[in-house]
Amino acid sequence: MRRRLLAIVMPIMFATLIALCGGGAAFASPAASPATAHPDGAAAFGQSSSHLVADGSSDAAAPSSSSGAQGETISGTLMAPIGEGGTREPIEGVTITVSQDGKEIGSATSGKDGKWQIPVPHAGTYQVTLDVKTLPNTVQLQTAGKETLKGLVVQPGFSKVALFPLVKQGQGTGATGGGGGSGQLEYLISIFITGLRFGLIIAMTAVGLSLIFGTTRLINFAHGELVTLGAVVAFAFGTSPLQWPFVIAIVLAVIAVAALSGLLEFALWRPLRKRGSGLIQMFIISIGLSLLLRNGIQFFFGPDRQQFQQATAQTQLTWGPFSATPMDLITIVVSIAILVGVAVMLQRTRMGKAMRALADNRDLAEASGINVDRVILQVWVIGGALAAVGGILFGLTSAVSFDMGFRLLLLMFAGIILGGLGSAYGAMLGSIVVGLVAQYSTVWFPPELQNAWAMLVLVVVLLVRPQGILGRLQRAG
Amino acid sequence: MKSDDDETGDAPAGFASMTAEGAHAAAAEGADAVASAMDEGEAIDPSLAAGREKVLHAQQETAHELSPAARALAGVTAEPGVHKPDPILVADQVSRRFGGLTAVDVHRLEVQRGTITALIGPNGAGKSTFFNLVSGFDKPTSGTWSFNGRDITGMSAYRIARLGMVRTFQLTKALTRMTALENMMLGATAQRGERFLPSLLRPSWKGQEKTIEARADELLRRFNLAHMRDDFAGTMSGGQRKLLEMARAMMVDPALIMLDEPMAGVNPALTQSLLGHIQALRDEGTTIILVEHDMDVIMSISDWIICFAEGAVIAEGRPDDIRSNHAVIDAYLGARRALATDGPDGESDGGAGR
Amino acid sequence: MDWGGIFSSALSDMLGPSAAIYALAAVGLNLHFGYTGLLNFGQVAFMLVGSYGVGVSVAKYGLPLSVSVLVAILVSVVLALLLGVPTLRLRGDYLAIATIAVGEILRLFVNSSYFEPLTGGSLGLTDPALAGSGPQRLPNQGFTELSPFVGGKTYDFGPLHFLGSDLWVMVVTWALVILACVLMFLLMRSPWGRVLRSVREDELAARSLGKNVFSFKMQSLVLGGVIGGLAGVMYTMNIPGQVPTNFMPEITFYLWVIVILGGAGRIVGPVIGALIFWFVFSFLGSFLTDLFPGANANVGAVRIAVVGVILMLLMVFRPAGILGNKEEMRLEVR
Ligand SMILES: Nc1ncnc2c1ncn2[C@@H]1O[C@H](COP(=O)(O)OP(=O)(O)OP(=O)(O)O)[C@@H](O)[C@H]1O
Ligand SMILES: [Mg+2]
């Protein structure tokens, strides 16, 4: 038995490693990593972390080359109000300045298309000022005194849009008018949209994790790496040098990750289960797998964050107080559709019912003729596919990096526990709450802490209602 | 060191002799008496079932004619929720719901001090859940209960155990990677060496440890486990684990011990010696609440029987009252019929009990 | 390939300050997991609070070393209590997720601009802005002043070479490791240790025998946490310029590898585990650097990937560690 297991596990591990060693060069990022091997153990202590930059943006030790195209920016488009012809004309030559704590960070002038963009060094809170003197005298700001937007929060890896609503000369309101309130409202709504988007991405990845936990009781610590792999594979096919059509890249990525996920179940977890391995044992094995995969991905992909070409050059769409980029909308629509699809699958299909039955009572499910192994394999494949989609959407809305999934993992756990460990719907609900908490925290706190607040939700839930929103308590004896 | 074979070989002889010499003596003097009576045994009946019948008969007579516990219950009417002269455990309006399912809904339940009280009822009747509730391992939806006249509603499980109300589990909880002796010694309460700072100073607890060890060895001997003393509990058989768990519970020195199916999975021969232990305990003054499915065992050993069905107490009384009680027969036969179509009972349901 | 050099540096690292610090933190983790069965996946959080506890006290407030170490111990205790209260009543996996989350929360907090005046933010404990108006001292100043060795001098012991500053950290940390092991020995042969092990085996059984399981788990969490905090203190003595990225969750995973390698629930397990781990880790580093010169980032990644593989193989084939007792291993029921 043991020998058979060895025969299965070893080739996989070593094949992975060899693949890593062989293919590494092809992908090596031009930005050199800061990590170096130190001869003495002392320096090596810190070494493990120097190439494991968690928050590239907020981390001073991170390579500063990440500003510009792939880093955080503040941008916008200046348009005149709707004119006689029913069209809006861009306004050129307006100066905009970004500053932080009274220090000027950079400035830009709007181009022919009315667009302007100012890179900022890292995520944080900024102040953006429009130089009113450079506005053409046919237009004015909708609200006087709103030439300075304070407290603009730039998320790690995101481009922040600053809006300066313009009206025809003489139609503006005073600073104390209703306009101020609507600005605040717009801000809160825009946060809701980003929060929802983030929450839905977490939900999509968390559902798989939750289903896996429900059916096998395994806390799969390597789930974040499936998320990362989805984004990385799509990135590999969809951007230069390959530059395959993005849809094909996405499909390939989802298939690849789903296949890997199924393969792991087939070749690793199933034999371990058959052998009667304990849950703690398997949990720790998944941590080892996570280390292996994450660093394997880093080996290919390099330590830096990279942006999907497909995600850049977004224009902000605005309806009244709502504004969102097309990518936001696509993300939200796609993820809601997929989550509803998962719910229908769980509720209506034979496969889904079997999954729920298995999660509910394994012995009973087995006794009633459900092929447990097959259902678990299906759960892994579906979980992997969902993780890949979530990873691609996460990569599109922020950036692709080797540890993006790992950073998401704790938020998934927070969502799952908040919703109720073992409940797939709970995981969806909890994750959305976690995403919203993360984003709304930035109203009051620095954005680099948003994940910290989201994780604090987890601790609070454990204190107040450990079984989560939809969960059940366990029986004792 | 004795092997398992010795043990299983001994036991039928033991109880056969009990029939011959009189179970009364054995019950009164405990397992040691069983062991000595064994040597004198002459009429060894090779048929286990037949032997058992005789034992049951003898024991029933014991219960009816001799036991002080039975005498104390003599005037009590056999109806659910009836008051007892000297109750050690009183439960009042205790209920527990799991979602839509009402697992326990007991209006009143009293357990007479110094008796063996059996809880019976079909699978899923709520017996284990009731145990969990009163022993502090689960929180009730509503209700109060008291032990020795003291309200212990909502008290944490370890405090209830320290008060002298100890329970065992339906699924045995042996401490696998600890030796039998360590399992036993853990049971002793008020150990000085269990406090953090004194634990560092060996002299402060060494003396107490010696006494505890002696007591543990004594109990291990009584429960026929002395030969396993230094073996990991994980290497023991299922029946041995049941014995160990019972012996370990005895180390707490309880006034009330609650046994959840102590005989399940134990070989019939061992069952007899377990029954001997239980009766001996009762005769030493310990109150015993017992959950058991084997009606022969129940009828032979209990002073009082409480029958659960669908969470509620549907009948109470002496074995003879229960035997002729229609509610009980209905509950059981109904359940039996359902079970017959459902397949195997008992342990598959226990899977949820982790 | 310079085998001699690789081996001598691997041997030096095996005994070096980092190995000692890891061993100390692993002793704490072994108390948690090996003896109590607590799934603590946030041992690095204790190291973090210990490290920042002493570092901030010295560098920001100019407190004497002894007081600062007490502060570090105190914050470790507080962290253990904060962690334990919500999670110790719940099933083990909740503790696992909560501990790793709290480790990350703390790291994000000390890294944030919010706490920059206190912790130096992402620039860490030697950031000049940290001291503000207060006295500017290195976090390990008081410690190096006590050193009997010459900081910059290299001391040779056969094939092993250590800097005087490293040697001082090593001596003190290994001494602490020995002390901690003696403490573990005394505790584990006592009835206190017996209750702890019973909690590891089956919490409900322990409770049914009148043991206050929550209290014992808490005591274990606090004591192991303080030991982890002390490891954090020595970490700062070793690298005074602590930055938040030195407290990534990976550290905890390494500690798990160490505990399992040496054998969970054995007194000297963590020590043996740390020695082996650091030998292999250092060896791999030098070996891979020699093999792929100029590919430093990838060497780091491959090295950690190999640690992952080791963790998996250990858990699959030798979950009781290399010291593990066959019989106990067979009984590994969970
Ligand atoms: N934690 C729980 N969650 C949901 N339902 C539960 C839980 N614990 C018990 N139940 C339900 O409560 C009912 C009573 O269960 P309990 O274990 O008390 O029965 P029992 O009388 O001990 O049965 P048996 O003789 O088979 O041991 C059962 O229907 C069971 O499914
Ligand atoms: Mg039961």
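Read the figures in this text as sums done on the coordinates, not as results from a lab. On a predicted model such as this, the values are computed, not experimentally measured, just so you know. Ideal geometry is used to build each Cβ from the backbone, glycine not excepted, and the neighbour counts take in all protein chains shown.
Per-structure values
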read-out	value
Residues with amide H under 5 Å from that of residue B:118, placed H, sequence gap 5 or more	B:290, B:303, B:304, B:305, B:306
Net dipole in debye of region A:190-476 [+1 Lys, Arg Cβ; -1 Asp, Glu Cβ; about Cα centre; nearest 20]	800 debye
Protection proxy ranking of B:93-101, A:231-239 - average other beta-carbon atoms within 10 Å, highest first	A:231-239, B:93-101
Whole-number percent relative contact order across region A:203-348, with pairs defined as alpha carbons under 8 Å at least 6 apart	24 percent
Prolate/oblate/rounded label for region C:1-66 (Cα gyration tensor, a/c 1.5)	oblate
Neighbouring partner chain Cβ atoms per residue of B:152-161, average, 10 Å criterion	4
Ranking of B:211, A:125 by count of other Cβ atoms within 10 Å, fewest first	B:211, A:125
Rounded FRET efficiency, nearest 0.05, which uses the C-beta distance separating residue B:190 from residue B:230 and R0 of 35 Å	0.90
10 Å Cβ neighbours from other chains, averaged over peptide C:193-199	5
Helical segments meeting 30 Å axial Cα length and Kyte-Doolittle 1.6 threshold in chain C (DSSP H)	C:65-87, C:164-188, C:269-291, C:296-317
In order through region A:97-104: 3J(HN,Hα) via Karplus (6.51 cos²θ - 1.76 cosθ + 1.60), integer Hz, x for Gly, Pro	10, 10, 9, 9, 6, x, 9, 6
Shape of region B:62-193, Cα gyration tensor, a/c cut at 1.5	oblate
Cα→Cβ-extended label distance, 7 Å offset, between residue C:90 and residue A:248, nm	4.7 nm
When each of B:173/B:242; B:84/B:139; B:206/C:217 is checked by Cα-Cα distance, pairs over 19 Å	B:84/B:139; B:206/C:217
Highest-fluctuation residue, C:13, C:166, C:290 considered, GNM on chain C with Cα pairs under 10 Å	C:290
For a label point 7 Å along the Cα-to-beta-carbon line of residue C:81, residues of region B:186-206 with backbone N under 19 Å	B:196-197
For chain C, built as a Gaussian network whose Cα springs stay under 10 Å, the top-fluctuating residue of C:107, C:266, C:303	C:303
Cross-link reach list, lysines versus residue A:150, counting only Cα pairs under 16 Å and skipping chain neighbours closer than eight places	A:103, A:160
Whether region B:208-281 is rounded, prolate or oblate, judged on the alpha carbon gyration tensor where a/c under 1.5 counts as rounded	oblate
Packing-based order for C:172-181, B:108-117, using average beta carbon neighbours within 10 Å, highest first	B:108-117, C:172-181
Modelled FRET efficiency - R0 35 Å, residue A:322 with residue C:118, Cβ distances, 0.05 increments	0.30
Residues whose placed amide H lies under 5 Å from that of residue C:163, excluding near-sequence neighbours	C:155
Furthest towards positive pole of dipole, C:273, C:96, C:210, structure part chain C, Cβ charges	C:210
Residue B:144 paired with residue A:361, simple spin-label distance in nm, labels 7 Å along Cα-to-beta-carbon	3.6 nm
Inverse of mean 1/r across different Cα pairs in region A:190-476, Kirkwood, Å	19.2 Å
Most positive-pole-ward Cα, A:194, A:289, A:467, against dipole of region A:190-476 from beta carbon charges	A:467
5 Å binning of all Cα-Cα separations within region A:313-417, expressed as whole percents from 0 upward	2, 10, 15, 18, 17, 14, 10, 7, 4, 2, 2, 0
Contact order relative to length of chain C, as percent, for alpha carbon pairs under 8 angstrom and 6 or more apart	32 percent
Exercise: per-residue mean of other protein chain Cβ atoms within 10 Å, B:203-211	1
